Amino acid sequence: MEKIHLTRKIQLLIDSSDADFVYEARGRIMTWQSACYRCANLVYTHQFLQEQIKDMLYLTEGIKLKVTDGSKDPDGILTSSRTNSTYKVLTNHFKGVLPSNIYNNLNNILVGSFSRDKQQYYTGERTIKNFKKEIAMPFSGECVRKLTEVKEGAYFSFTLFGIPFKTYLGRTFDDKRDLLRGVMSGEYKLSTSYLKLEEHKKIYLLATFEQDKEVHLLNEEVIAEASLSLEHPLVVRIGKVQLTIGNKEEFLYRRLAIQSARRRVQKSWTMNKAGHGRARKQKPLEKFHHMERDYVDYKLQVYSRRLVDFCLKYHAATLILTNQMEKEEAAKEESFVLRN
């Protein structure tokens, strides 16, 4: 059966009251991430060199030029497959420094991505990737052990590579709790996920949940009519049933709040400590760089998800947008509405 994958970003805290242990565990994660980015660049360097060997015309005549496993092809110059060749390199350099599960998953992912893009590298359409220190560390879902729900979903605790973690979910009413409960009940499976240490030393889990794709029986005769409005971002009607999704206040208030906060920071940035000049003064503005755009994208995903769920509930096979041209013309006359 076809699988679907859902990825959620979950903040993690080291689950210990011992400050020395927390400091040591955080340092261990920083070491892993530093080693991981070196692993990634090493894999791509070796894969690129293997790909280019056949074009080295200045090599001695008669040299074997097949970049394949020598045990399977008499003309092969490798002692193993191309994937296993870089795995051996990583094992030789990083065994004991980085958990083997991380560099094994990283090697498989990068060899696959290199194979997909190698033709563009060969023709010069793309440059070879250069990985940064902020790279995410992939690991198998089976490495997450002892997943436990604490205080009715206040947070979840688990162990990863010997380090105890707990989730920080805040007060958000999203589906992260339900997905984690689904992993515990067996409804979902945790597939290859990522551990990442971002700026300000915050630790995040990029969890990938896998489940069987649902089959929905839809009725071709049931039609859902959706329309956009100023009072409610989305209104959908199926027969006599109507659903309003969102409202002007929740959407507009947050956007205006972000814009006002950005303007306040812009007005005061000249008074900030210089340190390293202009970049240091503008540092408080960085967090507002994509904040409004990200908020709009998030709300659009939430609204569209609720719209689809409503259509599935009533087995609607067709969704149409009505009266849109008239509303677009009306919105053009009001710059404030069009902007926000």
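The values are calculated or read from the model by the stated rules, or taken from the named source; none is laboratory data. Treat the numbers as computed from the prediction; the structure is a model and nothing was measured. Here Cβ is always computed from backbone atoms with ideal geometry, including for glycine, and neighbour counts include all displayed protein chains. We work out accessible area using only protein heavy atoms, side chains counted, and drop any ligands, DNA or RNA first. Shrake-Rupley method; radii C 1.70, N 1.55, O 1.52, S 1.80 Å.
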* Asked: Considering only protein heavy atoms, what per residue accessible area in square angstrom results for segment 150-222 with a 1.4 angstrom probe?
  -> 60 Å²
* Could you look at segment 108-230 and say what percent of its accessible area is carbon and sulfur, using a 1.4 Å probe and all protein chains? => 49 percent
* Asked: In square nanometres, what is the average projected area of the Cα convex hull of segment 142-248?
  -> 10.9 nm²
* Asked: Taking segment 123-197 as the region of interest, what is the percent of Cα-Cα pairs per 5 angstrom bin, listed from the shortest bin to the one with the maximum distance?
  -> 3, 13, 20, 21, 16, 9, 6, 5, 4, 3, 1, 0
* Could you tally the net charge around S113, taking each other residue with its Cβ under 15 Å from the Cβ of S113, Lys/Arg +1 and Asp/Glu -1? => +3
* Asked: Ranked from the most accessible area to the least, with a 1.4 Å probe and all protein chains present, what is the order of L169, L147?
  -> L147, L169
* **Where GluC sites (Glu not before Pro) fall in DSSP loop in segment 196-270, at most 16 other Cβ within 10 Å** => E198, E214, E231
* Asked: What is the gain in length, in nm to one decimal, between H5 and D175 on full extension, counting 0.36 nm per residue of separation less the C-alpha to C-alpha distance?
  -> 59.8 nm
* **Heavy atoms of S140: accessible area, 1.4 Å probe, square angstrom to 10** => 30 Å²
* Where Lys and Arg each count +1 and Asp and Glu each count -1, what net charge lies around Q47 among other residues with Cβ under 12 Å from its Cβ? -> +2
* To do: Can you tell me the alpha carbon radius of gyration of segment 74-183 divided by the globular rule-of-thumb value 2.2 N^0.38 Å?
  => 1.47
* Please give the length that would be gained between E286 and Y303 if that part of the chain were fully extended, namely 0.36 nm times their separation in residues minus their C-alpha to C-alpha distance (nm, one decimal). => 3.4 nm
* To do: For segment 77-137, list log₁₀ I(q)/I(0) at each q in 0.19, 0.21 Å⁻¹, using the Debye formula over Cα point scatterers of equal strength and ignoring solvent, two decimals each.
  => -0.84, -0.97
* For segment 139-272: relative contact order, % (alpha-carbon pairs under 8 angstrom, 6 or more apart) -> 12 percent
* Gain on full stretching of the segment that runs from E152 to T322 - 0.36 nm per residue minus C-alpha separation -> 56.9 nm
* With Rg and the Kirkwood Rh both taken from Cα atoms, where does Rg over Rh land for segment 197-254? -> 1.21
